[in-house]
Amino acid sequence: MTIDIIGAGIGGLTTAIAFEQKGIKTRIFEQAEQIKEVGAGIILANNAMQVYEKLGLRKVIEENGNPISSMNITKSCLKPLSTIDLSYFEQKRNIKNIAIHRGKLQQLLTDKLKSTEITLDHKLTSIVKNGIDYDLNFKNGHQTQSSTVIGADGLNSIVRQNIFPNNSIRNAKQICWRGVTEYELPLKFGNELNEAWGKSERFGFVQIAKNKVYWYALKSFKKNMNEFSINDLNEYFSNYNTIIKDIINSTKKEHINTAEISDLKPTNTRFKGNVCLIGDAAHATTPNMGQGACQAIEDAYVLSECLNKYKIT
């Protein structure tokens, strides 16, 4: 049996790696025309890095990222309000939290695959039950039959919309800007995440490689995200610490992604027949806990363990 995975993001790729290591054959269908090193940054928390340790990826991820040992909530001037010391978990598990570029992580995961075929330019449009199998229909006109499907296609999952149409996406009424820039942080910020809070906005930043910083900024809106413009970012954070203003000014506008923050209304139903959802397709959250991708990584490993335990191969 071959299991088809919809989506070549972090969750989909990790699932394929975990399945391969259990001797389970997989195919991946990805909507993008090519896998490029694009996107912003990500912090792989200890729980995610424990999975990558089991999958033989910890060392290469550490070599391409930056260890993070504390997380600080601060005032806009970067004076700390609270600090979470992550060293306890690092010592207990002998595993570090790693900040890394999403594109770099995606490439490392792709390189780890041995036999899985990634079929690009295949945007799923529908999935239809056909006897004991499923018809997968793609925007480019291609159709294929599948016995088992994993929906790893994110918040706006087509798999979920077709199989579980009653689920709903909730708007958090926040706009988020994310960027990566070449910037040399002061040494004291080298191994920590800082998130500065204002009255209706916040700004976080973390080093993901030498002289490379990933940052994100959020601002609440009343009606829609069009109330704000990327051209006014400096104004929104004009009373913040100089470091934050320098980070914004050092980032090329074409390297800034703008999006609304949404989550998926919680549901207890994440599989039906031989179709299963993982990651944001199953339980998308707002990014406040920084656990979106980390939970997808856990999903991948647990699912592979379950399939192996019950010999579904």
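Summary of computed values
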read-out	value
Charged-residue dipole, Cβ positions (Lys, Arg, Asp, Glu), segment 247-309 about Cα centre, Debye nearest 20	100
Largest-first ordering by accessible area, 1.4 Å probe, given options Leu187, Leu193	Leu187, Leu193
Compactness of the chain as Cα Rg over 2.2 N^0.38 Å, two decimals	1.03
Largest to smallest accessible area among Ser157, Ser76, Ser82 [probe 1.4 Å]	Ser82, Ser76, Ser157
Which listed pairs, of Lys36/Lys129; Lys96/Lys199; Lys36/Lys123; Lys223/Lys265; Lys36/Lys222, have C-alpha distances above 27 Å, in listed order	Lys36/Lys129; Lys96/Lys199; Lys36/Lys222
Length gained when the stretch Lys139-Glu182 is fully extended (0.36 nm per residue, less Cα-Cα span)	11.7 nm
Cα-based equivalent ellipsoid of segment 19-91: semi-axis lengths in Å, sorted from largest, via gyration tensor	32, 19, 10
Rg and Dmax [Cα atoms of segment 130-279; Å; Rg one decimal, Dmax integer]	20.4, 62
Largest to smallest accessible area among Met1, Met71 [probe 1.4 Å]	Met1, Met71
Per DSSP, loop trypsin sites (Lys or Arg not before Pro) in segment 20-74 with at most 10 further Cβ within 10 Å	Lys36
Volume in Å³ per residue [convex hull over Cα atoms, computed for segment 225-266]	118
Charge dipole (debye, nearest 20) of the chain; +1 at Cβ of Lys and Arg, -1 at Cβ of Asp and Glu	520
GluC sites (Glu not before Pro) restricted to segment 1-56 and DSSP loop, no more than 15 other C-beta within 10 Å	Glu33, Glu37
Gain in span if fully extended, Lys129 to Asn249, counting 0.36 nm per residue against the direct Cα distance	38.1 nm
The chain, relative contact order [Cα under 8 Å, separation at least 6], %	24
Residue-averaged [θ]222 nm for the chain, counting only DSSP H segments that reach four residues, each worth -39500 (n - 2.57)	-7500 deg cm²/dmol
Loop-located trypsin sites (Lys or Arg not before Pro) in segment 76-182 whose Cβ has at most 10 other Cβ within 10 Å (DSSP)	Lys114
Span-like helix ranges in the chain, DSSP H, alpha carbon extent 24 angstrom or more, Kyte mean at least -1.0	292-309
Straight-distance crosslink candidates among lysines, where the alpha carbon sits under 16 Å from Lys311 and sequence neighbours closer than 8 are dropped	Lys22, Lys25
Spatially proximal lysines relative to Lys188 (Cα-Cα < 16 Å; intrachain offsets below 8 disregarded)	Lys79, Lys210, Lys212
Candidate aspartates and glutamates for bridging to Lys173, where Cα separation is under 18 Å - those fewer than 8 sequence places away on the same chain excluded	Glu201, Glu227, Glu260, Asp263
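The values are calculated or read from the model by the stated rules, or taken from the named source; none is laboratory data. Note that this is a predicted model, so its numbers are computed, not measured. Positions of Cβ are backbone-derived with ideal geometry, glycine not excepted, and every protein chain shown enters the neighbour counts. With ligands, DNA and RNA removed, areas are computed over all heavy atoms of the protein, side chains included. Shrake-Rupley method; radii C 1.70, N 1.55, O 1.52, S 1.80 Å.
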